[in-house]
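Okay, structure first, notes after.
Please treat every number below as a calculation from the coordinates, not as lab data. All values derive from a computational prediction rather than experimental measurement. When we count neighbours, we look across all protein chains shown, and the Cβ atoms used for this are built from the backbone with ideal geometry, even at glycine.
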Amino acid sequence: MIASVRGEVLSRGADEVVVESAGVGYRLAVSAETMRAVPKAGREVLLLSHLVMRDDAIQLYGFATDAERDLFLMLVGVQGVGPKVALAVLGGGSASELTAAIAAGDAARFQAVPGIGKRTAERIIVELREKVAGAVAEQIVVRRGTASDDPRALAHEGLVGLGFQPAEAEEMLDGVSGETPEDLLAEALRSAA
């Protein structure tokens, strides 16, 4: 498998970039978010990648960050979401914004992506919500930098950060148990689903 490609940018298209590495030009399909990180032709770039082999094609997908590649892999694991649709989803914001939208159950954000209807948007949220809840809670704790604070207060802050109203977040935390903010947040999201 090709894990990354480093080399000179030969060309940039609307949704792909060609990178020459050791005399070989690699065409990588990229999201709009990754395209913003790709420099102009003639400059060097490092893109993380994922190779998809099918009966009729071999396609290489490129990503600017590990978080984006990880989210891509989670998205293609959802029934009805192929690599092209996953790239379109990734073009809708940073990986952290998209994981927060999944954790918050923001189906409308995903329905706005061409190729995703209501059922697929809901399936993305149902299948990925628990997987991303821990990562979202971890981002909130790291951003705040106060791991010694009350776990319940941090979980409450995390839910508010995901877009829930403070009263709604308090309601979601009633009756859930856990020792860490991550556990509390995951349990609250699980019970809300």
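Grab the beta carbon distance between ARG6 and GLN59, set R0 = 22 Å, and tell me the FRET efficiency rounded to 0.05. Walk me through the numbers before you get to the answer.
On the way: r = 19 Å, r/R0 = 0.88.
So the FRET efficiency works out to roughly 0.70.
Mean 1/r over all different Cα pairs, inverted: what Kirkwood radius does segment 1-105 give, in Å?
On the way: mean 1/r = 0.0717 Å⁻¹.
Kirkwood radius, segment 1-105: 13.9 Å.
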Residue order, fewest to most surrounding Cβ atoms within 10 angstrom, among ARG6, ARG152: ARG6, ARG152
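For LYS118 and GLU97, FRET efficiency with R0 = 22 Å and r from the beta-carbon atoms, rounded to 0.05? Walk me through the numbers on the way to the answer.
Values: r = 21 Å, r/R0 = 0.95.
The value I calculate is 0.60.
Out of the DSSP beta bridges found with both residues in the chain, what percent are antiparallel (nearest 5)?
90
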Share antiparallel - DSSP beta bridges, segment 24-68, percent rounded to 5: 65
Cα gyration tensor shape for segment 60-104, rounded if a/c is under 1.5, else prolate or oblate: oblate
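Going through segment 54-129, which trypsin sites (Lys or Arg not before Pro) have at most 10 other Cβ atoms within 10 Å and a DSSP loop state?
Values: sites: ARG54, ARG69, LYS84, ARG109, LYS118, ARG119, ARG123, ARG129; in loops: ARG54.
Passing sites in segment 54-129 are ARG54.
Kirkwood hydrodynamic radius, computed over distinct alpha-carbon pairs, for the chain: how many Å, to one decimal? Each step should come with its number before you reach the end.
Working: mean 1/r = 0.0558 Å⁻¹.
Computed over the chain, the radius equals 17.9 Å.
Determine the relative contact order of the chain: mean sequence separation of Cα pairs under 8 Å and six or more apart, normalised by residue count, in whole percent.
On the way: 303 pairs, mean separation 27.0, N = 193.
About 14 percent, as a whole number.
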For q = 0.13 Å⁻¹, Debye-computed log10 I/I(0) when each Cα of segment 30-86 counts as one equal scatterer: -0.36
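Hydropathy first: keep DSSP H helices in the chain averaging at least -0.5 on Kyte-Doolittle, then drop any whose Cα extent along the axis falls short of 18 Å, and list what survives.
Working: long enough: 118-144 (35 Å, -0.13).
Long hydrophobic helices here: 118-144.
With +1 assigned to the C-beta of every Lys and Arg and -1 to the C-beta of every Asp and Glu, and no other charges, what is the dipole magnitude of the chain about the Cα centre in debye, to the nearest 20?
Working: 19 positive and 28 negative charges, 188 e Å.
Here the size comes out at about 900 debye.
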